[in-house]
């Protein structure tokens with residue numbers, strides 16, 4: 001028993017020293033974690049970082065992070081930090097872990113905001129919506145089968161494996177999510193006429209598909225692959241049901257559960273916030289096939305193209321919607337009202 005207590009004390013000391021850094025370390029109140037940027041950090045077509053950088057980090061100090069994503073800098077100014085993590089679970093986990101272990105910075109009183117774009121669920125979301133995420137699920141942990149080999153090819157092709165549960169499902173702090181949602185639920189969001197028509201045509205003018213974008217709560221499902229289709233959406237909904245997620249399946253993306261695992265290991269999961277915007281749907285639209293969308297010999301479509309066959313022209317507008325919501329949260333952190 002004594003050896004176990006000594007071990008726990010040592011482990012706590014190591015983690016605490018990594019997060020609450022040395023005397024003289026730079027205190028960070030909020031760390032914003034976009035995954036990619038289009039072009040420059042300011043002044044051109046926006047990616048996930050640009051609006052936040054332009055508002056909070058112009059003229060900031062810049063730091064290289066050992067073990068982080070090549071080419072990325074940690075921007076720090078007046079308690080706000082931003083780091084473009086790279087896409088995918090490995091890049092984001094490595095980036096955040098490296099930042100937290102850097103003794104130059106003090107994250108002991110920090111909130112962590114994962115921000116970026118995603119694909120959203122049918123019958124719940126429209127392109128341009130922004131989500132306060134309340135739980136994150138790892139799509140890849142468990143068992144997956146090809147439907148052609150299933151006894152019932154119409155059934156979900158994912159099977160739960162409880163041995164992965166400590167990493168495969170992360171429930172965010174619900175009191176914090178309630179507070180954040182109350183702050184941002186009435187933020188007015190924009191769409192485009194092309195996107196509105198795109199949704200209406202694809203989903204036969206269904207009421208859910210033609211409404212204005214809004215701020216919602218939801219569960220995100222994180223995958224290492226950029227999936228799309230009715231079968232995989234069925235899997236995502238089954239995961240939310242199996243894990244007992246507090247809100248419906250809303251989004252598919254490639255990073256958020258990995259960041260949650262890292263923060264949980266550092267004892268910081270209760271300060272984790274996810275703000276995501278929808279720039280496409282998780283099903284194929286307007287008769288587009290997987291080959292027609294992803295075969296490089298047939299398509300070079302990008303979500304940020306204003307003529308995208310997957311996202312219409314919503315990308316830049318959705319990035320601005322994200323910032324409208326996220327900046328309310330950042331400002332509340334900085335002024336101490338959150």
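What follows is calculated from the coordinates using simple rules that are stated; it is not laboratory data. Because the structure is a prediction, the values reported are computed rather than measured. Note that we place each Cβ from the backbone using ideal geometry, even for glycine, and neighbour counts take in every protein chain shown.
The label point for residue 302 and the one for residue 154, both projected 7 Å from the Cα toward the Cβ, are 4.1 nm apart.
For the peptides 244-257, 133-146, the ranking by packing is 244-257, 133-146, with the highest mean count of neighbouring Cβ atoms within 10 Å listed first.
Relative to the compact-globule estimate of 2.2 N^0.38 Å, the Cα radius of gyration of region 198-338 comes out at 1.18. Principal-axis analysis of the Cα atoms of the chain puts helix 174-184 at an angle of about 70° to the longest axis. As a calculated quantity, the FRET efficiency between residue 162 and residue 23 at R0 = 30 Å, using C-beta atoms, amounts to about 0.10.
Computed from Cα atoms, the angle from the helix 230-243 axis to the main principal axis of the chain rounds to 40 degrees.
Global dimensions of region 232-300 from alpha-carbon coordinates: Rg and Dmax equal 16.1, 47 Å. If R0 is taken as 22 Å, the Cβ-Cβ distance between residue 206 and residue 294 corresponds to a FRET efficiency of 0.25. Relative to the longest principal axis of the Cα atoms of the chain, the long axis of helix 89-100 lies at roughly 20 degrees.
The Kirkwood hydrodynamic radius of region 2-334, based on inverse pair distances between different Cα atoms, is 20.6 Å. Helix content alone sets the calculated 222 nm mean residue ellipticity of the chain: runs of n ≥ 4 DSSP H residues at -39500 (n - 2.57) each, divided across all residues, give -10000 deg cm²/dmol.
If each residue of separation counts as 0.36 nm, what is the full-extension length gain between residue 270 and residue 230 once their alpha-carbon separation is subtracted?
This chain segment gains 11.1 nm when fully extended.
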